[in-house]
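Below is one structure, written out as structure tokens, with a few remarks after it.
Derivation of every value follows stated rules applied to the coordinates shown; laboratory data play no part. Keep in mind the model is a prediction, meaning the values are calculated, not measured. FYI the Cβ positions are ideal-geometry reconstructions off the backbone, even for glycines, and counts take in every protein chain you see.
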């Protein structure tokens with residue numbers, strides 16, 4: 001079997017795509033942890049932990065450029081914020097690679113099943 005090089009079309013509006021990406025990143029940075037929304041009397045809970053876990057990679061990039069952007073909310077209600085944060089980090093990004101298999105791997109599994117060779 002011969003493989004061809006993939007050819008991608010040139011983007012039609014690269015400036016518009018860049019502006020759209022910048023707008024999304026600004027919105028995500030506005031929802032980042034440690035932005036003064038929560039206080040010791042009004043703490044972040046489970047669902048806020050989930051949100052901060054999902055945006056943690058974006059907050060990390062923002063933290064590189066602006067030290068005021070935090071990855072983790074210091075004013076939280078303890079274990080439930082932590083559980084939400086870690087569940088979102090693990091399930092939001094780590095589990096994506098667990099489902100991915102190449103076409104060759106899927107084909108080999110199907111061929112083995114047809115031959116009756118289960119591993």
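By the beta-carbon count within 10 Å of each Cβ, the least crowded to most crowded order of 81, 72, 86, fewest first, is 86, 72, 81. Quick one: go through the range 36-77 and flag any residue whose amide nitrogen is under 18 Å from the point 7 Å out along the Cα-to-Cβ line of residue 27. Label zone hits: 51-59, 62. Taken along the Cα-to-beta-carbon direction at a fixed 7 Å, the label points for residue 77 and residue 16 span 4.5 nm. Ordered by the number of other Cβ atoms lying within 10 Å of each residue's own Cβ, fewest first, 17, 12 fall into the sequence 12, 17. Each of 63, 52 was scored by other Cβ atoms within 10 Å of its Cβ. Listed from fewest to most, they are 63, 52. For residue 70 and residue 86, the difference between the fully extended length at 0.36 nm per residue and the C-alpha to C-alpha distance is 4.2 nm.
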